Amino acid sequence: MFAVAQQVAATLRGRGYRVVLLKRSPRESVSYRERVSRAEQAGAAIAVSIHTSPGVNAVFPQRVGLYRTGMGADGQPRRVVFTNPATAASSQRYAAAMAQARSKAEGHRVVVRDNDFGGRAPLWAGNIPVVSLLAVNTPWVYNEFGPAGGSGGSTPVPAAALSAYARGISDGVATALPRNCS
């Protein structure tokens, strides 16, 4: 996915956007909190997560009320809820633009929906990616891509499919945030 991120970055930079990758290399270990911090320090208007998952072609926005629940470090159950309506509204607009652009570029339907982390121990249950939950002030658009044939996740994805994915993400960002926006 790092190669896809680099392709997206190159395309957007070529269109005049300022792009900051939240990881410097595929081997760099960066916590969710550090990713959010890097996005905020850069003044990101949008943050985009890029993933593959067999059979999943979806975009997951932030929404008020989405949550994660699990056992805290103190041994007590915790529930953390996303609450920023302005960030959520932007994330949802950007997610819709991203899904539409990806659908066109990838040649299959990409949907906007909430995620589902139920039954995926040791992950906390809920319906929002942790990085999106932590990004209270940065609109986050979380992408999953699973082309036909069951590739994605730990199974290699054909280069042409990855290029289409990168093109869809680039076009989605450009649609969501035209260069002449303030």
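A few notes on this one:
- Inverse mean reciprocal Cα-Cα distance (Kirkwood Rh) of the range 1-88, Å: 15.6 Å
- Solvent-accessible area assigned to carbon and sulfur over the range 34-161 amounts to 53 percent, based on a 1.4 Å probe.
- Normalised per residue, the accessible area of the chain is 52 Å², obtained with a 1.4 Å probe and no contribution from ligands, DNA or RNA.
- Axial C-alpha extent at least 27 Å, average Kyte-Doolittle at least -1.0 - helices from the chain (DSSP): 85-106
- The slack between residue 37 and residue 74, meaning 0.36 nm per residue of separation minus the straight C-alpha distance, is 10.9 nm.
- The DSSP beta bridges internal to the chain are antiparallel in roughly 60% of cases.
- Cα principal axis extents for the range 54-131, largest first, Å: 47, 32, 14
- A viscosity of 1.306 mPa s and a temperature of 10 °C, combined with the Kirkwood radius over C-alpha pairs in the Stokes-Einstein formula, give the chain a diffusion coefficient of 95 µm²/s.
The values are calculated or read from the model by the stated rules, or taken from the named source; none is laboratory data. On a predicted model such as this, the values are computed, not experimentally measured, just so you know. Ligands, DNA and RNA are excluded from the accessible area calculation, which covers all protein heavy atoms including side chains. Shrake-Rupley method; radii C 1.70, N 1.55, O 1.52, S 1.80 Å.
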